[in-house]
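Some notes on the structure that comes next.
Each reported figure results from applying straightforward, stated rules to the coordinates on display, with no laboratory input. Being a predicted model, the structure only gives us computed values, none of them experimental. With ideal geometry, Cβ positions are generated from the backbone for all residues, glycine too; neighbour counts draw on all protein chains shown.
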Amino acid sequence: MRIQYIRASVLVGVHVLILLHIFYFGDSTIGSVDFQEFFHSFLKSGLINSGVILVLGSFVFTLIFGRFFCGWACHFGAIQELSWIILKKLNIKSITINSRLVVILPLIVLLNYYVLPNVWYALNNPWNLEINLATPDIWAFLPGAIIGFLTFLIDGFLIVYFLGKKGFCRFICPWGAFLKIPNMFSMFKVRKTGECTLCHECTTGCPVGIDVSYEINNYGKVTNTNCTSCMICTSGCPSNAISYEFKNPIDETWNIKDFINSTKSYLHPNIKDQFLSVRSRDMVLLILTILFALCIDGLYGMGHFMSYGIALIAAFLIIKKRIIKFPSILFPLAIIIVFSWHGIIRYSIWKGIQEYESKDYVNTIKHLERATSLHLKQIGLFHIYLSESYFNTGDIYKSVEHAERAYQINPDYESTKKLIIFLQNTSQVKKDIIISKKLNDLLNNPKLAD
């Protein structure tokens, strides 16, 4: 188990380095070291920064040693492992979900949000190769404190409770999906090197829910591309039947079927109660997850990871049991209503902004009025758009009303100040409207002169 103490020390060291980078060294020399930089910077425009170097290094390293980055350096993976340990210590049972979505869903997230949009941008805009390690700044892709905390709570703890070991890594993480490709061809793998007693200690100990025993006894090695080379299985095998060993790729046997979870895995009596198969409901789970995520993604400051984490948990709660009797059906119905509500909000925002940009102010008003009336959070920008739209359609009363709301929400925003000053200087407002004292004070607020 000495190797696990080393791995734990490395993970602690990584977190110390992250904190030092943020709070001590800063980003004057090295900016954000983030996986998505490879897609948003290099793939999109040709910029090589610290994040791009991290991804390229991880890709090459994975081709040789497997997904070491995920098992030995990823802070999000470490949090999920810690969550699993805490659940065990508290005697809270969590069953790991066996689903084909561990292959499909992360790939969809990777392609839809990181690969295709940036490739499309690169094809339609100049692409210039350059190096700048100090850009972007550390906080460029980090959410605020509240959203950051909720993301860690949902994707680091709740998803582990509902979906089992490293639920986020297996079902959502696009970086894991990216590293699965080189992991298929890695030279070092967990291999069967002795006589297996089928105790399944390796499967029980695996932090990413791989049926290690099944794979080594059927393929002679672990082929599951979720393997993070953590060495828990090799160090915990009581009969020393498995080892982490090198094999020349030329001598390696390849079969595409080996990389797809067999329907015969996770069935041994020693581990059967540790896993729950939802394979028969995979398609429903996938459709619900994507639809739910699309309904909330971007709302309330949520990023893709948090949105998909919430969506996946909600979709799983619906498909976990085939609920058809009253009042049990009220729970999934409530979930669907909540997501549908936010889906209407998100569509209205998207459509309203689209109409605003095309100067169709009548339809802008229709969609953004709906969005602001349903949205639980008031957003000043939408009221600015509505104020301008009402002004351009001749409804000055409504224009001033939304300008006032925008000011109340974001009094220090430059765009809000410009709008108020514009209305203040418009003769139609001065001559045709009896402005209330409150609104008059607003239009003549000293802050606007700052």
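Too long at a 23 Å Cα-Cα cut-off: which of LYS166/LYS189; LYS88/LYS180; LYS165/LYS320; LYS359/LYS418?
In this structure, LYS88/LYS180 lie more than 23 Å apart at Cα.
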Handout entry: Extension gain (nm, one decimal) between ALA334 and ASN255, 0.36 nm per residue minus Cα-Cα
Key = 24.0 nm
Practice task
Can you bin region 188-294 into rounded, prolate or oblate? Criterion: square roots of the alpha carbon gyration tensor eigenvalues sorted a ≥ b ≥ c, rounded for a/c under 1.5, prolate for a/b above b/c, oblate for the rest.
Solution key: prolate
Completion exercise
Scoring the chain by relative contact order with C-alpha pairs under 8 Å, at least six apart, yields a percentage of 14 percent
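Give, in nm to one decimal, the length gained when the segment between LYS418 and GLU195 is fully stretched (0.36 nm per residue of separation minus the Cα-Cα distance). Provide the component values of the computation, followed by the final result.
Working: separation 223, 0.36 × 223 = 80.28 nm, distance 7.64 nm.
Between LYS418 and GLU195, full extension yields 72.6 nm more.
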Fill in the blank from the handout: Ordered by fewest other Cβ atoms within 10 Å, a rough proxy for footprinting exposure, LEU294, LEU111 read LEU111, LEU294
Completion exercise
A chain fully extended from ASN125 to SER239 at 0.36 nm per residue, minus the present Cα-Cα distance, gains in nm 35.2 nm
Handout entry: Unit charges on C-beta of K, R, D, E only; dipole of the chain, Debye
Key = 1420 debye
Fill in the blank from the handout: Simple SL model, points at 7 angstrom along Cα→Cβ for ASN91 and LYS366; separation in nm is 6.1 nm
Practice task
Let me see the pair-distance distribution of region 19-130: every alpha carbon pair, 5 Å bin width, integer percents in order.
Solution key: 2, 10, 12, 17, 20, 15, 12, 7, 4, 2, 1, 0
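Over all directions, what mean area does the Cα convex hull of region 301-376 project, stated in square nanometres? Could you put the intermediate results ahead of the total?
Working: hull surface 25.5 nm².
For region 301-376, the mean projected area of the Cα convex hull comes to 6.4 nm².
Is the shape of region 216-347 best called rounded, prolate or oblate, per the rule: a/c under 1.5 gives rounded, else a/b larger than b/c gives prolate, else oblate, with a ≥ b ≥ c the square roots of the Cα gyration tensor eigenvalues?
Prolate.
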Practice task
Name the helices (complete DSSP H segments) of the chain with a Cα length along the long axis of 24 Å or more and a Kyte-Doolittle mean of at least 0.0, or state none.
Solution key: 2-20, 330-357
Completion exercise
Place a point 7 Å from the Cα of LYS264 in the direction of its beta carbon; the residues of region 176-193 whose amide N falls under 19 Å from it are 192
Practice task
Largest first and to the nearest Å, give the Cα extent of the chain along each principal axis.
Solution key: 93, 61, 41
